[in-house]
1. Which residues belonging to the stretch B:19-66 lose at least 50 Å² of 1.4 Å-probe accessible area when the assembly is complete, relative to their chain isolated?
2. Please list A:54, B:17 from largest to smallest accessible area, probe radius 1.4 Å, with all protein chains kept in place.
3. What net charge do the residues around residue B:68 carry, taking every other residue with its C-beta under 11 Å from that of residue B:68, with Lys and Arg at +1 and Asp and Glu at -1?
4. Starting from the 7 Å offset along Cα-to-Cβ, what nm value, one decimal, do you get for the label separation of residue B:14 and residue B:62?
5. Within the stretch A:44-65, what residues put their amide N at less than 19 Å from the label point 7 Å along the Cα-to-Cβ vector of residue B:147?
6. What is the calculated FRET efficiency for residue A:49 to residue A:70, with r their C-beta to C-beta distance and R₀ = 30 Å, to the nearest 0.05?
7. Note down, for the stretch B:130-183, the three equivalent ellipsoid semi-axes (square root of 5 times each alpha carbon gyration tensor eigenvalue), biggest first, whole angstrom.
8. Give me the percent of accessible area attributable to carbon and sulfur for the stretch B:127-221, probe 1.4 angstrom.
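The values are calculated or read from the model by the stated rules, or taken from the named source; none is laboratory data. From a predicted model like this one, the values you see are computed outputs, not experimental measurements. Methodologically, a virtual Cβ is constructed for each residue, glycine included, from the backbone with ideal geometry; neighbour enumeration extends over all protein chains shown. To get the accessible areas, we keep the full protein, side chains included, count just its heavy atoms, and leave off ligands, DNA and RNA. Shrake-Rupley method; radii C 1.70, N 1.55, O 1.52, S 1.80 Å.
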Amino acid sequence: MTTAIILVLGAIMVCAAIVALLHTSLVTSILSAGAVSLVASIIYLVLAAPDVAMTEAAIGSALTTIVFLFALSRLREPGRTSDETTQTRSGEEHPHG
Amino acid sequence: MANRLIALLVVAGLAAMLLPLVIGFTFHEDTPALGAEYIERSETDLGAANAVTAVVVTYRGLDTLGEVTVLFAATAGVGFVITRRRRTPEFAVREGRSVGAHAGIESTEASSLAGQGPSEILRTASRFLAPVLFLFGAYIFVHGHLTPGGGFQGGVVIASAVVLGIFGAPDRQLAHGTMTTIESLSGASYVVLGILGLVLAAGFLDPTFLPAGSFGALASAGAIPIIYSVVGIKVGTELAGVVDRLRSQEQD
C-alpha cells in the first residue's frame, strides 16, 4: 500500500518535472518545479519523516520558488508584456551581458 | 547540441550513482541498532521527546554547527555579490509595476493596476497573516524538542512571514541593522551555549548542563529548546535578509 502511494506520487513528480522542462512560459516552469518539491515533501511524510517533510515544503516549495521569481523579475525590464516574455524562452539559453 | 548531450550524460551519471540506493531499498520492520540506541537514550539521558531533535542538536551537534556556518557563508556571499540600494517611495511604485508585468498581466487596466503596487487583497491578507506566521514559526522552534520540526523549519517559516510582509507593503523598509545584529548575536550565542556545555557538562554542545525536567513538558530536555530557538532566530533573520537583498533593484 505504501509502495503504491509512493509510486503514484513519484509519477506525479516526474510529470511535474517534465512540465517544468518543456513548458514555454518560465513562470509556469518555476511553479512546476515548486510542485515537484511539494510532492517530494508528501512522500517524506508518507515515509514517516515529518521533520524532513516540513523542511522540504518550506524551503523547496516556498522559498526557492520565491527566489526564482525574484531572479526572473530582475532579468526583465518593467513594462514588458507576457508576449515578449514567452518568446524569450529560447533566447534565455544564450547568456546576455 | 553538444551542450544537450553533455547535460544528458551528466544526468545519466547521476542516475547511475543513485540507482544502487533505489534497488537495495527495503522498509525496515525493526529499527537498526544505532537508531534504537539513539531513540532510547534521547528519552533517558536527555529527556527530549523528539528523537530527531536530540540527534540533530546533541548527538550530531557538530554537524548542525557546520550547517549554521554554511548558511552564514552563503548569506555573506549573497551580501557580497548583490548590493543593496536605498529605496525611495517612487522606486517602490516602479517595483510594484515590474512585479505585476512579469506575472503576465496583459490588459490595460491591469497594467495601470500594477503601477499602484499590491492589490487590496494582498495588502489586507499580509497584514492579517504575517503575525500569525511569525507566531507559528516561533512555535515550531520553541517546541522543537516535543513536536516534529525545530530550528531550521521554524526559521524558514519566519522568513516566509517576512517575505509576505515585503509583498504586502513594498514601500516599507526592512530594519537591516537590527536584523544583522540579531543574526550575529544568535550565531554567537549558539557557540556560547556550546562552550557552556563544555565548561559545565560533558563536552562541547552537550545540553545537559540544564536539568532534563519532566518528559514532554515545555521546559525540559536541558538546553535543547534554548539551542534550537537560537538556531531558529538565526536562520529566520538570515533568510529574510537574503530575500530582501534579492528584491528587484534598479541602478540609481
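1. B:27
2. On the way: A:54 65, B:17 135 Å².
Largest to smallest exposure gives the sequence B:17, A:54.
3. On the way: positive: B:234; negative: B:63, B:67, B:183, B:238.
Result for the local shell: -3.
4. 3.0
5. Zone members listed by number: A:45-46, A:48-59.
6. Working: r = 29 Å, r/R0 = 0.98.
FRET efficiency, residue A:49 to residue A:70: 0.55.
7. On the way: eigenvalues 107, 35, 10 Å².
Sorted largest first and rounded, they come to 23, 13, 7 Å.
8. On the way: 3440 of 4630 Å².
The nonpolar share, carbon plus sulfur, comes to 74 percent.
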